[in-house]
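One structure is given here, and the rest of the page talks about it.
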Amino acid sequence: MKIQYLPHTADIRMNIKGSTLKELFVAGMIGMGNILKEGFCNKNNPIDSKTKIEIHALDRTCMLIDFLSEILSHSYAEKSIYCRVEFLEFTSNKIKAILFGTHTSKLDEEIKAVTYHEAQVHRNRNDQWETVVVFDI
C-alpha cells in the first residue's frame, strides 16, 4: 500500500496504490484520516467509535469516492477519525463494512468534499490498483 500527497493550489491531491482493490480503499481511508489530523492513522489509537456503512455504485471509481465520502460524513457527525475497516461484503459495485475509529476533539484540516475530479481506479504497469483522489478543502 502506498500513499503520496501531490501539490495542488486549492485542494489536496493524493495518489494511492494497493496490491488489491481492498488495499486501495484502505489506503484512501488512511490517507484521508491523516489529512484530517496529521499522522493520526499512523499511530495506535484506541478504538472507541464504530459504525456500519453500505455503498452501492456503478463502478470501482464511483465506489471509492462514495466510500471515502461516507467515511468523511461519519467523521464529522461522530467527531471521529476512521483508520480501520472490516469489509463484510466487497464486490465490484457494493460494499458493506464496519468502520472503526477514534474520537478526536480537533482536526488539523477541514475536508469539504471528496471529488470525482482526476479519479480513475485502474491497474498500473506494475499490476497495482491506483488512482488520484482530490479533496476539496
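The values are calculated or read from the model by the stated rules, or taken from the named source; none is laboratory data. Note that this is a predicted model, so its numbers are computed, not measured. FYI the Cβ positions are ideal-geometry reconstructions off the backbone, even for glycines, and counts take in every protein chain you see.
See the values below:
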| item | result |
| --- | --- |
| Candidates ILE16, ILE81 - the one that is touching a residue at least 60 places away in the same chain (Cβ under 8 Å), of a type outside the set (Asp, Glu), part of a strand (DSSP E or B) and in contact with a Ser or Thr (Cβ under 8 Å, 6 or more places away or on another chain) | ILE16 |
| One residue from PHE135, PHE67 being over 23 Å from ALA10 (Cβ atoms) and among the aromatic types (Phe, Trp, Tyr) | PHE67 |
| Residues that are closer than 16 Å to PHE135 by Cβ, of a type outside the set (Gly, Ala, Ser) and touching a Gly at 6+ places or on another chain (Cβ under 9 Å), drawn from the range 25-55 | PHE25, PHE40, CYS41 |
| Flag if THR131 is modelled with pLDDT of 95 or more, over 11 Å from the mean Cα position of the chain (by Cα) and either surrounded by fewer than 17 Cβ atoms within 10 Å (Cβ to Cβ) or under 20 Å from MET1 (Cβ atoms) (or both) | yes |
| Hits in the range 46-78 (condition: within 20 Å of TYR116 (Cα to Cα), part of a loop (DSSP other than H, G, I, E, B) and out of contact with any helix residue (DSSP H, G or I) (no Cβ under 8 Å at 6 or more places or on another chain)) | LEU58, ASP59 |
| Counted residues, the range 57-93 - those being hydroxyl-bearing (Ser, Thr, Tyr) and within 23 Å of GLY39 (Cβ to Cβ) | 6 |
| Selected residue (criterion: surrounded by the most Cβ atoms within 10 Å (Cβ to Cβ)) from residues of the range 6-39 that are within 17 Å of ALA113 (Cβ to Cβ) and out of contact with any Asp or Glu (no Cβ under 9 Å at 6 or more places or on another chain) | MET32 |
| From SER75, SER69, residue being under 15 Å from the mean Cα position of the chain (by Cα), crowded, with 19+ Cβ neighbours inside 10 Å and without any contact (Cβ under 8 Å) to a residue 60 or more places away in the chain | SER75 |
| In the range 40-66, the residues that are among the acidic types (Asp, Glu) and buried (at least 18 other Cβ atoms within 10 Å of the Cβ) | ASP66 |
